[in-house]
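The values are calculated or read from the model by the stated rules, or taken from the named source; none is laboratory data. The shown structure was predicted, so the numbers you read here are calculated from the model rather than taken from an experiment. In this analysis, Cβ positions are derived from the backbone assuming ideal geometry, glycine residues included, and neighbour counts consider all displayed protein chains.
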Amino acid sequence: MSSILSIENLSKNYGKVLAVDNISLKIEEGICFGLLGPNGAGKTTTIEMMEGILKPTTGRALFRGKPIGPHFHQRVGIQFQSTALQDFITVEETLKLFSALYSTHRDSEEVIEICSLGDILKRDNRKLSGGQRQRLLLALAIVNDPEVVFLDEPTTGLDPQARRNFWSLIEKIKKEGKTVLLTTHYMEEAEILCDEVAIMDQGHIVARDVPKKLLAENFDGVIVKLPWMKNNQLPDGAVQVDDYIEIHSMDIDATLHHLIHHSIHLDGLTIHAPNLEDLFLKLTGSSLRA
Amino acid sequence: MRKFAALMHARNMEFVRDRGNLFWNLLFPVFLVFGFSFAFSGGDDTLFKVGVIGNSEIVSEFLQEPYLEKIPYEETPFALDKLRHHQLDMVIDLQKSSYFINDDSAKGEVAENLFVSDDGAQNFSRKEVSGEPIRYVDWFVPGVIGMNMMFSCIFGVGWIIVRYRKNGVLKRLKATPVRALEFISAQLVSRLLIVLLTSIVVFTGTNIFLEFMMEGSFLNLILITAVATICMISFGLVFAARIKSEELANGLMNLALWPMMAFSGVFFSLEGTPLLLRKLSRIFPLTHYIEAARAIMLDGAGLADILPNIAVLLGMTALFLLVSSFMFKWE
């Protein structure tokens, strides 16, 4: 597959602060690529340089192998992390406005259907709920039938129900074969939606691959979690993480036997397969949502 | 063109549906016109206003009277215009030993009687002019229209764009193929239509009750209002070019607007004020608008008469647009 987006030795300084430090990436056409990391990792700065919104200090962003040109914004759709919409105009009028800004645009009915906006078309932008607003912003990002859709933390601040609804909209867009570049700090979101991820920390990319491959390369076995306790009888390799004891176990039977044998209370015990959150913790030593 | 029309329509809708703002734009000038019309309807009964041409030290005791306000003029025709409009009760030309009276003015007649009873006035020849009086409200209404236009343009374009920049509307538009010129011109034309429409509504609405003096052409008045509106919007764009903070924009706009409002002749005439102030007032676009609008309404000035004002306003517009386009940033 050819890469639709790429960045070469991209850096961005804000005064003395180095927000993005010499990173390079290639994103293949038709995939959902996740840029993960905690707040302040440099995700938004990176994605905005790829969107042509921010100018890199050094390096360059390429679209289909060429520097971003004057027609780039006709061919991509962007949903920023925070965007206000014009007051006193309705959802339908906002869609019409944005449709008119592009030389070609897709049928409004289709966009309304994909983003489930049918019930709120006549509603004033000021009166939209968080979920409705994000759906409208997504609709504005696909109104021009773009080749690439940039979504910067699109579900931040939504309740779990609205977040899951939003994921199903992104799935629909993925099925149309569009390339999606998503930043998030919700690991579950990345695991469900992304074909490939890059984990960022302090302006660097610390890992990049297909999520399952990354996990397989970095973990064996399962993770046992217990509420924190002071006990000298814990198995080898047990570490304290926040208010928990984490035990990386290669043999769950042996680990549970050890805990029972030493009369360690099992109240609150959980067992789970390692996920991207655990991976981030392992790679950077800090929690993703810190 | 489609982008321009869509952006303009969205801005128009935003304005029209913001009821509070709409009513403020329409009712505030109406309140001012009626309020000032009522407040000044009684006139100034305690003073005679006498225009004096030449050195007043050499003549009569009449000119030393405390109940009399002397206003020096350098040019006779200018003073006579004031006399025709009953803004002066009498004009005395000390250089030519003559005095002028408006034969329609009762106050003028009283002033004349006082003057001729003075020994120093015996050699003065009498001349007459005639003309209808100008009420304060006739004189005031171009100022109100101009002031409303100034606030509407500078806050309605300048401040709104700063708000769009702060809350991310501009950033979202930057992520589309819209060019800055398309966005700016849509804002400009939208506000031009709004200001012209509200000015016409306010003028015609208040005119039904107050019947303003209108010696010149309505079309010329609309023309100068349109030119001045474009100039004011361009001035607003200078503030909007790159400021991100609404508070800072608000402060800077007020810093520019209040001196302009105070020294453009909205509420009082600048005649008789220090020369420096009169010269300073020429830098304000509002001065040129009010001057031209009053000339049309009160003196029947034609297009040729107001061309200098139009030229100055267009020159200022070009300068403001140049500066704002040079400084403009989406974010």
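Points worth noting:
- Each residue in the stretch B:108-134 was checked for being surrounded by 13 or more Cβ atoms within 10 Å (Cβ to Cβ), within 30 Å of residue B:203 (Cβ to Cβ) and either among the hydroxyl-bearing types (Ser, Thr, Tyr) or out of contact with any Phe, Trp or Tyr (no Cβ under 8 Å at 6 or more places or on another chain) (or both), and 4 pass.
- Residue B:92 being outside any helix (DSSP H, G or I), surrounded by 19 or more Cβ atoms within 10 Å (Cβ to Cβ), in contact (Cβ under 8 Å) with a residue 60 or more places away in the chain and not acidic (Asp, Glu): no
- Matching entry among B:321, B:303 (being touching a residue at least 40 places away in the same chain (Cβ under 8 Å), among the aliphatic types (A, V, I, L, M) and within 30 Å of residue B:179 (Cα to Cα)): B:321
- Residue count for the stretch A:162-179, restricted to those that are part of a helix (DSSP H, G or I) and in contact (Cβ under 8 Å) with a residue 40 or more places away in the chain: 6
- Residues satisfying the criterion are absent from the stretch B:236-243 (criterion: of a type in the set (A, V, I, L, M), more than 24 Å from residue B:187 (Cα to Cα) and either at pLDDT 90 or above or touching a Leu at 6+ places or on another chain (Cβ under 8 Å) (or both)).
- Considering residues of the stretch A:124-135 that are within 13 Å of chain B (Cβ to nearest Cβ) and surrounded by fewer than 18 Cβ atoms within 10 Å (Cβ to Cβ) only, the residue farthest from the chain's Cα centre (by Cα): A:124
- Summed over the stretch B:194-215, the residues that are assigned to a helix (DSSP H, G or I) and buried (at least 18 other Cβ atoms within 10 Å of the Cβ) give a count of 7.
- Looking across B:191, B:282, B:294, B:278, one residue alone is closer than 30 Å to residue B:53 by Cβ and either aliphatic (A, V, I, L, M) or surrounded by 21 or more Cβ atoms within 10 Å (Cβ to Cβ) (or both). It is B:294.
- Flag for residue B:79 being among the aliphatic types (A, V, I, L, M) and surrounded by fewer than 19 Cβ atoms within 10 Å (Cβ to Cβ): no
- Residues that are surrounded by fewer than 15 Cβ atoms within 10 Å (Cβ to Cβ) and within 22 Å of residue A:252 (Cβ to Cβ), drawn from the stretch A:196-217: A:212, A:216, A:217
- Of the criteria (1) surrounded by fewer than 19 Cβ atoms within 10 Å (Cβ to Cβ); (2) closer than 30 Å to residue A:46 by Cβ; (3) at pLDDT 90 or above, which one residue A:121 fails: (2)
- Entirely in the stretch A:1-103, the helices (runs of 4 or more DSSP H) that have 3 or more residues that are within 14 Å of chain B (Cβ to nearest Cβ) and in contact (Cβ under 8 Å) with a residue 40 or more places away in the chain: A:43-50, A:91-100
- When the stretch B:139-198 is filtered for residues that are in contact (Cβ under 8 Å) with a residue 40 or more places away in the chain, of a type in the set (A, V, I, L, M, F, W, C), under 20 Å from residue A:77 (Cα atoms) and within 12 Å of chain A (Cβ to nearest Cβ), the ones remaining, listed by number, are B:170, B:173, B:178, B:183.
- For residue A:257: the one exception among (1) part of a loop (DSSP other than H, G, I, E, B); (2) free of Cβ contacts under 8 Å to residues at least 12 places away in the same chain: (1)
- Exclusive hit being modelled with pLDDT under 80 and either under 27 Å from residue B:169 (Cα atoms) or not in a helix (DSSP H, G or I) (or both), set B:43, B:51, B:20: B:43
- Scan of the stretch A:142-161 for residues that are surrounded by fewer than 18 Cβ atoms within 10 Å (Cβ to Cβ) and part of a helix (DSSP H, G or I), ordered by number: A:160, A:161
- The set of residues in the stretch B:150-188 that are farther than 22 Å from residue A:137 by Cα, surrounded by fewer than 23 Cβ atoms within 10 Å (Cβ to Cβ) and of a type in the set (Ser, Thr, Tyr) contains only B:185.
- Here the condition is being under 11 Å from the mean Cα position of the chain (by Cα) and within 14 Å of chain B (Cβ to nearest Cβ); of A:138, A:193, A:151, it holds for A:151 alone.
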